[in-house]
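The values are calculated or read from the model by the stated rules, or taken from the named source; none is laboratory data. Remember, predicted model here, so these are calculated numbers, not experimental data. No Cβ is skipped: glycine too gets one built from the backbone with ideal geometry, and neighbour counts run over all protein chains shown.
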Amino acid sequence: MKYFIGNWKMFGIPKSIEILNKINSFYSKDKNRNKYKVIFTPPYTLIESYSKYFKKKKINIGSQNCYQKDQFSSNTAAISSYMLRSVGAKYTLVGHSDNRSEGDTDSILKNKVYFALKNNLKVVFCVGENKTHKKNKKTFSVLKKQLTKVLERKFNKNNIIIAYEPIWSIGTGKIPSSQELTRTSSFIKKTLKNIFRSKSPPVLYGGSVDGNSVKLFKKINEIDGFLIGGASKSTKKFIDIIRNYYR
Ligand code: 13P
């Protein structure tokens, strides 16, 4: 199974549902539809209405983040996985570099993953090195730390997906070479096998994925799908990615 996940970040109002509705129509008719899942993570404000709307349709709705505590707490503006699940979210991103840069540490992220799984959300756990790590050849050690400090063997790996997003590639149009990406995704899978002592969960790639760059990635078997930012805000651009991937 492959995954095409659209992360809207700070984008979207109620009527933006039209973008997803057209993607849902495409998906419903696509001859390749049994090979992949489509998931979107709109902002918190739209999760309930979009989840209701797509409940019996094809697109799955998730959250971009969740708070590191169970159920309810006294943290102003915080939203827990329990609350997200109650309004229909099925997935949540955890550890996006945007949120790591705003203070999410490994120990906070561990709690986020733990409580998300406890509340029956599937977790898309994001990892990735920055430009300096890459320049200093620290990519593997950074990724290994990000994975091993947060994920534990006791977590249900069937409800975990990993998204590898090199920070230098997010929104920049810069992408790793296919050789680089093959090596890095193999390394991530090897690390995950060690953590879970069994087959690795799916590993997605994110960073400047569009209808053009996706052509370079489709030969890389280690990659189980994509986490898409900018291009997920346009029906045409998102569909182009799926079309070109299976062409
Ligand atoms: P872009 O596709 O805009 O580079 O964003 C990637 C991303 O951060 C998705 O979470």
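Key figures
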quantity	calculated
Count of residues meeting criterion [near the ligand (Cβ under 10 Å from one of its atoms) and under 17 Å from I161 (Cβ atoms)] in region 183-217	5
E180 of a type in the set (D, E, K, R), over 24 Å from W8 (Cβ atoms), touching a strand residue (DSSP E or B) at 6+ places or on another chain (Cβ under 8 Å) and more than 16 Å from the ligand (Cβ to nearest atom)	no
Flag for L151 being more than 13 Å from the ligand (Cβ to nearest atom), in contact with a strand residue (DSSP E or B) (Cβ under 8 Å, 6 or more places away or on another chain) and assigned to a helix (DSSP H, G or I)	no
Residue match in region 215-222 (condition: out of contact with any helix residue (DSSP H, G or I) (no Cβ under 8 Å at 6 or more places or on another chain) and either closer than 14 Å to S169 by Cα or modelled with pLDDT under 95 (or both))	yes
Subset of region 7-38 (residues that are touching a Lys or Arg at 6+ places or on another chain (Cβ under 7 Å) and exposed (fewer than 15 other Cβ atoms within 10 Å of the Cβ))	S28, K35
Residue selected from region 88-118 under the condition in a loop (DSSP other than H, G, I, E, B) and touching a strand residue (DSSP E or B) at 6+ places or on another chain (Cβ under 9 Å), by the criterion farthest from S185 (Cα to Cα)	G88
Total residues in region 183-196, condition of a type in the set (V, I, T) and touching a strand residue (DSSP E or B) at 6+ places or on another chain (Cβ under 9 Å)	2
Extreme residue, farthest from the ligand (Cβ to nearest atom), among residues of region 218-247 that are touching a Gly at 6+ places or on another chain (Cβ under 7 Å), under 22 Å from S97 (Cα atoms) and not aliphatic (A, V, I, L, M)	F238
Boolean, I188 is within 17 Å of the chain's Cα centre (by Cα) and more than 26 Å from E18 (Cβ to Cβ)	yes
Residues that are among the β-branched types (V, I, T) and not in a helix (DSSP H, G or I), drawn from region 45-80	I59, I61, T76, I79
Residue count, region 121-148 (criterion: surrounded by 13 or more Cβ atoms within 10 Å (Cβ to Cβ) and free of Cβ contacts under 8 Å to residues at least 60 places away in the same chain)	18
Close pairs (6 angstrom Cβ cut-off, 6 or more residues apart or separate chains): without any contact (Cβ under 8 Å) to a residue 12 or more places away in the chain in region 188-201, crowded, with 19+ Cβ neighbours inside 10 Å anywhere	K193/S200
Selection within region 78-111 - within 30 Å of I23 (Cβ to Cβ), more than 16 Å from the ligand (Cβ to nearest atom) and either more than 20 Å from the chain's Cα centre (by Cα) or not charged (D, E, K, R) (or both)	I79, S80, S81, Y82, M83, L84, S86, V87, G88, A89
